[in-house]
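Below: one structure, written as structure tokens.
The values are calculated or read from the model by the stated rules, or taken from the named source; none is laboratory data. In this text the structure is predicted, and so the values were computed from the model without any measurement. When we count neighbours, we look across all protein chains shown, and the Cβ atoms used for this are built from the backbone with ideal geometry, even at glycine.
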Amino acid sequence: MAAVRGTLVHAVLEDLFALEPQERTPQTAIDLITPAWQGMADRDPALPSLLLGPEENWTRSLNGEPLIPPADDAAAPLFAEAEKHLGKYFTLEDPRRLQPAERELPVSHELPSGLTLRGVIDRLDVAQNGAVRVVDYKTGRAPGAGWESTALFQMRFYGLVLWRMRGRVPDRLLLIYLGNTETLSVSPTQQELVATERKLEAIWAAIERSIETNDWSPRPSRTCSWCSFQSVCPAKGGRGTAEPSSVGGEHRGADVSGSSE
């Protein structure tokens, strides 16, 4: 449910900033939860069954189309979690004082090597003085001490792609953690973004070698419990093999999008 919750909260925040500044209140955000969920269900018909079970148990509107989970429905915990996280958001920012230049902005850039970088930026703020800030929402908790650089790698990725697309290094990269109402930010330098580009090239070169040799050496960590590939992971007793077509084949590209968690 965590991933669905994250997607729902992101959708509400995107819709919130489509309104006039004075309308961006905590109650309005709560009121946007149901239509945002309906939109998600319309785009992905399989989604409701993950939470509500068989289709005959769903509650629908009078015309029989959009899904409307009432308070006592199976989706109630999801709505309650979304409402809680949205409430935390308002303790970190006042959306009435912000006017984003972009929301859910797709970005893409092909490196000289042919590697294509893609992502979706949750929010792009441009101040009156021209300063650019890249914002990403997380419904999880901020990383503990020593893990900040890992979390900021995604943001430097966005900074890199935006710089290559527009010719300007963003002034600020900001992560907003709604799980524990914390923020993490950095002002990137061109040197840091070039280093990020080199690291991405090295990562993709390693992936291509693994594709060619069909050798996927595991690196067990505490995140293993979240992984959906345990059945083929040697560290979990799997065979550790995969067909090349299932991991990219001839396609050369990398997609990184804002994680909801």
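Quick notes on this one:
- Of note, Asp171 satisfies the criterion of being modelled with pLDDT of 90 or more, of a type in the set (Asp, Glu) and within 24 Å of Ser108 (Cβ to Cβ).
- Total residues in region 143-181, condition assigned to a helix (DSSP H, G or I) and not basic (Lys, Arg): 16
- Hits in region 105-117 - residues which are part of a strand (DSSP E or B) and either among the β-branched types (Val, Ile, Thr) or surrounded by fewer than 16 Cβ atoms within 10 Å (Cβ to Cβ) (or both): Pro106, Val107, Ser108, Glu110, Thr116
- Odd one out for Arg156 among (1) basic (Lys, Arg); (2) buried (at least 20 other Cβ atoms within 10 Å of the Cβ); (3) under 22 Å from Asn180 (Cβ atoms): (3)
- Test: Glu212 is surrounded by 14 or more Cβ atoms within 10 Å (Cβ to Cβ) and farther than 19 Å from Asp136 by Cα: no
- Check on Val194, among the aliphatic types (A, V, I, L, M), modelled with pLDDT of 95 or more and touching a strand residue (DSSP E or B) at 6+ places or on another chain (Cβ under 9 Å): no
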